[in-house]
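**Q** Here it is, the structure in full.
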Amino acid sequence: MSKNLINYVLIFLVISLGFQLFVAKPKVTDPNTPAIQFETSKKEFASGKVVTLNIKNNYSKAIVFKQNCPDEPFTTFNTTNGENKIIVSSPKINCEKNNDANAKDIKIQPNQSGQVRYTLWSHSLFSELGTYKIGATFILDGKEVKVMSNEFEIVERGFWGTIWTSVFYQPIYNILIALIGLSPNLSLAFGIIMLTAIIRLALYMPNQKALVAQKRMAEVQPMLNEIRTKYKDDQQKMAEETMKIWKTHKVNPISSCLPILIQFPILIALFYVIQDGLNPDKIWLLYSFTSQIDLSQINTNFLNILELTTKNIFVLPMIVGALQFIQMKLAMSKNKNKEAVANNPNAMAQNMMLYVMPAMIAVFTASLPAGVGLYWGTSTLFGIIQQYFVNKHVDSELEKMKTSKNAKKNGVRVIDVN
């Protein structure tokens, strides 16, 4: 009897759950809650940052917000002096070429939220410091509904924000635009490739030292592994012997990190330039020698097969990953003792990294605009060429050292005529 009772209770619970899931319940709405709510993502935005507006749909039906590019999405008010003054943008946006989500209609389902980014209008609307609001008027069920956001402030950029813009972002931005201006059809691809070449040339000597240090480190790695095994119980002796090897083979582990650290801010700046730096609202960042270039006319397509402002999740990541693999393969030591490699945890980890790192770079490339991937791939190609000549130089040094050691063992005096 008790077993049947339990079964009845379970059946009742299942039916009740199914009823709640599949049968629409009448919507109970607080009469004081507005049908549409505007609220900015932050109460303060640093000058130059993109203002973002969150929209909450409390209405019983889906709402579509029509975008009238090149006009801004909604009405902007400056309330700095205690009164609402309408601010109107004036960038010449090429809506057909612009792929920004702000140029597309926004549909928000009931009880859902959406977001509007003022990427194309941030400077035009919010160039002056002060207090702002964003508002709009809608017709719902034949009635006029006015919506107004919270007040938000446009404030001065902080110290680090100013350094970032002045030292990294703005110079790279202007160099790229200047290089684009040199191409016949204002090609973004041409600008990126030329910018990569300039950066690689500027960093040639630091990169050269880093690659030589990295190659030397790879070549002496078997010796270091032997020391770790031999003196595993004597840390002081291990450190002394390691320093001797580094000194003898002119290895500086720290020097290989500098060019990588320099490249990171350049890569981040280029990402932001390609992501939203080509719309006319960014004209305030241009120097006098680049201000005459029409940003709306920049050709963002590469060879008619690759749109550089959008993500490419297949071909480009595979190419960049393959180039990264080749460069890493060239940088590794040529250890002919396969048994020693198989029994050495460090060597095994290095071999694993040979495959993991290119895969990670490929995924990274797929998640960013293709223009960033083009920069990374071109830079890696330059790195492969430089690594090839570095390998020849280091191999020649090692051969000289071996010849000198063998000669000393046999009692022969070696004179270096170089």
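**Q** Scan GLN236, GLN275 and give me the residue that is closer than 30 Å to ILE177 by Cα and part of a helix (DSSP H, G or I).
**A** Numbers: GLN236 fails: closer than 30 Å to ILE177 by Cα.
Exactly one residue qualifies, and that residue is GLN275.
**Q** Which residues, taken from segment 51-86, are surrounded by 17 or more Cβ atoms within 10 Å (Cβ to Cβ), charged (D, E, K, R) and within 15 Å of TYR132 (Cα to Cα)?
**A** Correct list: GLU72 only.
**Q** Got a sec? Which of THR137, THR165, THR196, THR131 is surrounded by fewer than 20 Cβ atoms within 10 Å (Cβ to Cβ), among the polar types (S, T, N, Q) and within 15 Å of ILE266 (Cβ to Cβ)?
**A** THR165
**Q** Quick one: in segment 159-181, which of the residues that are small (Gly, Ala, Ser) and under 22 Å from the mean Cα position of the chain (by Cα) is nearest to PRO73 (Cα to Cα)?
**A** Looking at the filtered set, the residue picked out is GLY161.
**Q** In addition: Any idea which residue in segment 249-279 is nearest to PRO369 (Cα to Cα), counting only those that are at pLDDT 80 or above and of a type in the set (Val, Ile, Thr)?
**A** My answer is ILE274.
**Q** Scan (1) among the polar types (S, T, N, Q); (2) in the same structural domain as LEU179 (by TED's automatic domain parsing); (3) farther than 22 Å from GLN221 by Cβ; (4) modelled with pLDDT under 85 for the single condition ASN343 breaks and write down its number.
**A** For ASN343, the failing item is (3).
**Q** A further question follows. Out of all the residues in segment 242-250, is one or more polar (S, T, N, Q) and part of a loop (DSSP other than H, G, I, E, B)?
**A** no
**Q** Testing LEU285 on (1) at pLDDT below 85; (2) buried (at least 17 other Cβ atoms within 10 Å of the Cβ), one condition comes back false. Which one is that?
**A** Going through (1) at pLDDT below 85; (2) buried (at least 17 other Cβ atoms within 10 Å of the Cβ) one by one, LEU285 breaks only (1).
**Q** Just to verify a result, which residue in segment 299-318, among those that are farther than 18 Å from LEU270 by Cβ and of a type in the set (A, V, I, L, M, F, W, C), is modelled with the highest pLDDT?
**A** This residue is MET318.
**Q** So which strands (runs of 3 or more DSSP E) are wholly in segment 76-165 and hold at least 2 residues that are modelled with pLDDT under 90, under 17 Å from THR52 (Cβ atoms) and in the same structural domain as LEU186 (by TED's automatic domain parsing)?
**A** Counting at least 2 such residues, we get no strands (runs of 3 or more DSSP E) at all.
**Q** Only one residue in ALA178, ALA202, ALA210 is farther than 30 Å from ASN57 by Cβ and surrounded by 19 or more Cβ atoms within 10 Å (Cβ to Cβ). Which one?
**A** Only one candidate passes the filter, namely ALA210.
**Q** Which of the residues belonging to segment 181-192 are surrounded by fewer than 19 Cβ atoms within 10 Å (Cβ to Cβ), in a helix (DSSP H, G or I) and in contact (Cβ under 8 Å) with a residue 60 or more places away in the chain?
**A** Of everything in segment 181-192, just one residue is surrounded by fewer than 19 Cβ atoms within 10 Å (Cβ to Cβ), in a helix (DSSP H, G or I) and in contact (Cβ under 8 Å) with a residue 60 or more places away in the chain, namely GLY181.
**Q** Now for a different question. Out of GLN221, GLN236, GLN170, GLN208, which single residue is of a type outside the set (Val, Ile, Thr) and in contact with a helix residue (DSSP H, G or I) (Cβ under 6 Å, 6 or more places away or on another chain)?
**A** GLN170 is the lone residue from the list that is of a type outside the set (Val, Ile, Thr) and in contact with a helix residue (DSSP H, G or I) (Cβ under 6 Å, 6 or more places away or on another chain).
**Q** Determine whether segment 324-331 contains at least one residue that is surrounded by 15 or more Cβ atoms within 10 Å (Cβ to Cβ), within 16 Å of VAL220 (Cα to Cα) and at pLDDT below 90.
**A** yes
The values are calculated or read from the model by the stated rules, or taken from the named source; none is laboratory data. All values reported here derive from a predicted model rather than from experimental measurement. Please note: Cβ atoms are built from the backbone with ideal geometry, for glycine as well, and neighbour counts cover all protein chains shown.
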